[in-house]
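The values are calculated or read from the model by the stated rules, or taken from the named source; none is laboratory data. These numbers were taken from a predicted model, which means no experiment stands behind them. Glycine gets a Cβ as well: all are built from the backbone with ideal geometry, and neighbour counts include every protein chain shown. For accessibility, only protein heavy atoms count, side chains too; no ligands or nucleic acids. Shrake-Rupley method; radii C 1.70, N 1.55, O 1.52, S 1.80 Å.
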Amino acid sequence: QVQLVESGGGLAQPGGSLRLSCAASGSFFSLRAMGWYRQTPGKQRELVATITSYGTTNYADSVKGRFTISRDNAKNTVDLQMNNLKPEDTAVYFCARYPSPLITSSVSPTHWGQGTQVTVSS
């Protein structure tokens, strides 16, 4: 079975940085697109960033230029480097796995991690 475990969340000051990591178990990690989502109270879970099995990335407008998603297929991990953090970045961040190498408008994640809290505050 597939398991996703996030780490690296915590407290950061505005303008600071955090690096989230998602460790994936199970088969065919390198053949699946991965993503990071986040959710705050009262809001639906929103897409933050995705990366295909080939390394192509996509970002929400709110994080472009500040966040970077990457993957290390040798370690079965996908990271989210978050720079210039803002209070509105505060959320629970979830790692997600897609069922295909690429991402289209019709595809949704099939596996999720438990989430890791990111709090940006002075």
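Out of the residues in region 1-22 meeting the condition of being within 23 Å of Asn73 (Cα to Cα) and open to solvent by 50 Å² or more (accessible area, probe 1.4 Å), tell me which one is farthest from the chain's Cα centre (by Cα).
Gln1
Failed condition for Leu85, given (1) more than 14 Å from the chain's Cα centre (by Cα); (2) surrounded by 16 or more Cβ atoms within 10 Å (Cβ to Cβ); (3) under 17 Å from Val2 (Cα atoms), with all others met?
Unmet condition: (3).
Taking the conditions exactly as written (among the hydroxyl-bearing types (Ser, Thr, Tyr) and under 20 Å from Ser122 (Cβ atoms)), does Ser70 satisfy them or not?
Numbers: among the hydroxyl-bearing types (Ser, Thr, Tyr): yes; under 20 Å from Ser122 (Cβ atoms): no.
In short, no.
On the basis of being crowded, with 17+ Cβ neighbours inside 10 Å, closer than 19 Å to Val2 by Cβ and in contact with a strand residue (DSSP E or B) (Cβ under 6 Å, 6 or more places away or on another chain), does Phe94 make the cut?
Judged against the criteria, Phe94 is a match.
In region 97-114, how many are open to solvent by less than 40 Å² (accessible area, probe 1.4 Å) and β-branched (Val, Ile, Thr)?
Of region 97-114, the ones open to solvent by less than 40 Å² (accessible area, probe 1.4 Å) are 97-98, 100, 107, 109, 113.
Within this subset, residues satisfying the condition of being β-branched (Val, Ile, Thr) are 107.
Qualifying residue count, region 97-114: 1.
Val63 is checked against (1) within 20 Å of Thr119 (Cβ to Cβ); (2) of a type in the set (Val, Ile, Thr); (3) open to solvent by 20 Å² or more (accessible area, probe 1.4 Å) and fails just one. What number does that condition carry?
Here Val63 meets the rest and fails (3).
Applying the selection to region 51-82, what residues are assigned to a strand (DSSP E or B), of a type in the set (Ser, Thr, Tyr) and farther than 23 Å from Gln3 by Cβ? Before the answer, list the steps.
Taking region 51-82 as the starting set, the residues that turn out to be assigned to a strand (DSSP E or B) are 51, 57-59, 67-72, 77-82.
So of that shortlist, the ones also of a type in the set (Ser, Thr, Tyr) come out as 57, 59, 68, 70, 77.
Answer for region 51-82, where residues must be assigned to a strand (DSSP E or B), of a type in the set (Ser, Thr, Tyr) and farther than 23 Å from Gln3 by Cβ: Thr57, Tyr59, Thr68.
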